[in-house]
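The structure appears below as structure tokens.
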Amino acid sequence: MPATLPRRLLAEFLGAMLLVTAVVGSGIMATTLSPHDGGLQLLENSTATVFALAVLILILGPVSGAHFNPVVTVAAWWTGRREPGALTGGDTVAYIAVQTVGAITGSVLANAMFGVSQGLSVKDRSDTHLWLGETIATAGLLLLIFALVRTGRGALAAPAVAAYIGAAYWFTSSTSFANPAITIGRAFTDTFAGISPGSVPGFVAAQIIGALIGLSLAAVLYPRPQSAAAFQTETPVPVAAVP
């Protein structure tokens, strides 16, 4: 039986909150433990994020689908809007609201745990190359999610999505926020993972563009849902070998 809307909203709130808590908290810990090594700080931050994201998807995915991300929610609504039992427009708005509030709460919680003063970030991240990084990061994320869904491999979402985000921390110039709610939430901490409020609109715009690109690629590559077995017969690489 599908979860009720209040249960799903609670799951989305908790997922966004705990994900930002993990991102911000591990960033604070990284700068404390490795104050003079930026590469090691990023490694520590990305490792904690990968593990936390995988666990959160496993815990909350059965309840809400573990979106934790407005562009994922909007994409899910748009692609499934004609299907019975799919997200409604009202559900979508509610998901985005609780994701955003959860993300802000996550920063506040991380600040409190580490004794960091509450406040907005002053870390400027406004530059064209960073926006390009966010576009690529978000496009890849949406393509991955819909590739899994449309080939019947949704069970791989936790390790696959976590692995992608972990990799994108390193191969994108922006360190792969890839999530408007998380971006807004990270504006509420003046720490390693923060982003100044003035930089948020550029990141969110790039994420929306990236989501449209990723969704378009998924529609071309996977025009209709298939079973995992069908996918295996149409690709030369066995599913088990896909990293």
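The values are calculated or read from the model by the stated rules, or taken from the named source; none is laboratory data. Here the structure is a predicted model, which is why all the values come from computation and not from measurement. All Cβ positions, even for glycine, are placed from backbone atoms using ideal geometry, and neighbour counts span all protein chains on display. Accessible surface areas use protein heavy atoms only, side chains included; no ligands, DNA or RNA. Shrake-Rupley method; radii C 1.70, N 1.55, O 1.52, S 1.80 Å.
Using θ = phi - 60° in the Karplus curve 6.51 cos²θ - 1.76 cosθ + 1.60, the 3J(HN,Hα) couplings for the stretch 119-124 round to x, 8, 6, 10, 7, 6 Hz; x is entered for Gly and Pro.
Among 154-161, 216-223, 24-31, 205-212, sorting by the average number of other beta carbon atoms lying within 10 angstrom of each residue, highest first, gives 24-31, 205-212, 154-161, 216-223.
For the pair the stretch 75-109 / the stretch 1-58, the C-alpha centres are spaced 19 Å from each other.
Converting phi to 3J(HN,Hα) with the Karplus coefficients 6.51, -1.76 and 1.60 and the offset θ = phi - 60°, the stretch 9-21 yields 5, 4, 4, 5, 5, 5, x, 5, 4, 5, 5, 5, 4 Hz in sequence order, with x at every glycine or proline.
The convex hull built on the alpha-carbon positions of the stretch 91-130 has an orientation-averaged projected area of 4.3 nm².
Taking all Cα pairs closer than 8 Å and separated by 6 or more residues, the relative contact order of the stretch 1-156 comes to 32 percent.
Overall, the accessible surface of the chain at a probe of 1.4 angstrom is composed of carbon and sulfur to the extent of 72 percent.
From the C-alpha gyration tensor of the chain, pull out the three semi-axes of the equivalent ellipsoid (sqrt of 5λ each), sorted largest to smallest, in whole Å.
On the way: eigenvalues 171, 81, 57 Å².
Gyration-tensor ellipsoid for the chain: 29, 20, 17 Å.
The H on the amide N of Arg125, modeled in the peptide plane, is under 5 Å from the matching H of Ser196, Ser199, each at least 5 residues off or on a different chain.
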